[in-house]
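S.K.: Here it is, the structure, as structure tokens.
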Ligand SMILES: NC(=O)c1ccc[n+]([C@@H]2O[C@H](COP(=O)([O-])OP(=O)(O)OC[C@H]3O[C@@H](n4cnc5c(N)ncnc54)[C@H](O)[C@@H]3O)[C@@H](O)[C@H]2O)c1
């Protein structure tokens, strides 16, 4: 436990904490002394993770909820705060793309699903968290998981990319609206990343070796480390930002210009 993080005694709600980047974030925050509410759509998954944290000596609880439902999100944030005696940090990692579709052919229901999976719950959860802290006159930190898809053109994934771009925009506005309350709001934008759910095949690995300056696919722990930084006092003067963690993929061009 390193005091430089300032996380000892802080209380963090990790939405999507039962798996992948969320689970790693919960582990890293707990290792630096935070109490954790593990929230997941799958309550059993949340309970397994909370149990793991408790066995390692962390104060932890599980909350089961579907955060894409505004009433459920509100109730779940209050339940987490009741169980931990308040909240200081919100990490929301939930999001998912869908079948690749050209924007000319995207079905309205597919686009609605993408909005639900990637954007609405960030608004509901962050809003509920902020109303709680505002009522208690407490400061805090919010970290969202966006994607590099929200920063560059993403042919075939235009619906997903639009929701992530909107999330990056919402992060900026929330930081401006809630900065005076002492609430910092930031996001991480991962590039291609190994997670518990995303197990990439040889074709993607070969593409990563070619197009990612670091020459490999990222790992979920590397994304969780950025989340840890943004949630911690190390980032006490950082707000409204989206930190790109993509091995450098978005700073290079695919066009290999010949010499003239
Ligand atoms: N893997 C990549 O290459 C990559 C790249 C860029 C961005 N991302 C982003 O990373 C995030 C996903 O990370 P992951 O793959 O580690 O997580 P994941 O998709 O495996 O999900 C984590 C947990 O979230 C829970 N969850 C899903 N919907 C929920 C809801 N409505 N309410 C509450 N909980 C819910 C799931 O049950 C699951 O346990 C997404 O935001 C995704 O867009 C991933």
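S.K.: If I ask for residues that are more than 12 Å from the chain's Cα centre (by Cα), under 30 Å from residue 180 (Cα atoms) and assigned to a helix (DSSP H, G or I), which ones from region 221-236 would you list?
M.R.: Matches in region 221-236: 229, 233, 234, 235.
S.K.: Here is a further query. Name the single residue, out of those in region 70-116 being within 11 Å of the ligand (Cβ to nearest atom), assigned to a loop (DSSP other than H, G, I, E, B) and under 18 Å from residue 17 (Cβ atoms), that is modelled with the lowest pLDDT.
M.R.: 96
S.K.: While we're looking at this one, here's another question. Only one residue in 72, 107 is without any contact (Cβ under 8 Å) to a residue 40 or more places away in the chain and more than 20 Å from the chain's Cα centre (by Cα), so which one is that?
M.R.: 107
S.K.: Now, a different point. Take the residues in region 166-220 that are part of a loop (DSSP other than H, G, I, E, B) and touching a strand residue (DSSP E or B) at 6+ places or on another chain (Cβ under 9 Å); name whichever of them is farthest from the ligand (Cβ to nearest atom).
M.R.: Within region 166-220, the match that is farthest from the ligand (Cβ to nearest atom) is 182.
S.K.: Hey, could you check region 126-148 for residues that are farther than 20 Å from residue 232 by Cβ and surrounded by 15 or more Cβ atoms within 10 Å (Cβ to Cβ) and say which is nearest to the ligand (Cβ to nearest atom)?
M.R.: 147
S.K.: Going by the conditions given, is residue 12 within 19 Å of the chain's Cα centre (by Cα) and either part of a helix (DSSP H, G or I) or crowded, with 18+ Cβ neighbours inside 10 Å (or both)?
M.R.: The answer is yes for residue 12.
S.K.: Could you tell me whether any residue of region 33-46 is out of contact with any strand residue (DSSP E or B) (no Cβ under 7 Å at 6 or more places or on another chain), more than 20 Å from residue 114 (Cα to Cα) and not in a helix (DSSP H, G or I)?
M.R.: Yes.
S.K.: With respect to residue 26, determine if the residue is touching a helix residue (DSSP H, G or I) at 6+ places or on another chain (Cβ under 8 Å), more than 16 Å from the ligand (Cβ to nearest atom), part of a helix (DSSP H, G or I) and under 25 Å from residue 136 (Cβ atoms).
M.R.: It is false that residue 26 is touching a helix residue (DSSP H, G or I) at 6+ places or on another chain (Cβ under 8 Å), more than 16 Å from the ligand (Cβ to nearest atom), part of a helix (DSSP H, G or I) and under 25 Å from residue 136 (Cβ atoms).
S.K.: I'd like the full set of residues that are within 17 Å of residue 125 (Cα to Cα) and surrounded by 22 or more Cβ atoms within 10 Å (Cβ to Cβ), limited to region 55-87.
M.R.: Passing the criteria: 62, 63, 65, 67, 73, 76, 77, 80, 87.
S.K.: Can you say whether residue 123 is more than 16 Å from the chain's Cα centre (by Cα) and more than 19 Å from residue 156 (Cβ to Cβ), as far as the supplied structure shows?
M.R.: Criteria not met by residue 123.
S.K.: Quick one: which of 46, 60 is more than 11 Å from the ligand (Cβ to nearest atom) and in contact (Cβ under 8 Å) with a residue 12 or more places away in the chain?
M.R.: Matching residue, one of 46, 60: 60.
S.K.: Can I ask one more? Here is a list of conditions, (1) within 15 Å of the ligand (Cβ to nearest atom); (2) assigned to a loop (DSSP other than H, G, I, E, B); (3) touching a strand residue (DSSP E or B) at 6+ places or on another chain (Cβ under 6 Å), and residue 66 meets all of them except one; can you say which number that is?
M.R.: Result: residue 66 passes all but (3).
The values are calculated or read from the model by the stated rules, or taken from the named source; none is laboratory data. Just so it is clear, the model here is predicted, and its values are computed rather than measured. Neighbour counts are summed over all protein chains in view; Cβ atoms, including those assigned to glycine, are modelled from backbone coordinates with ideal geometry.
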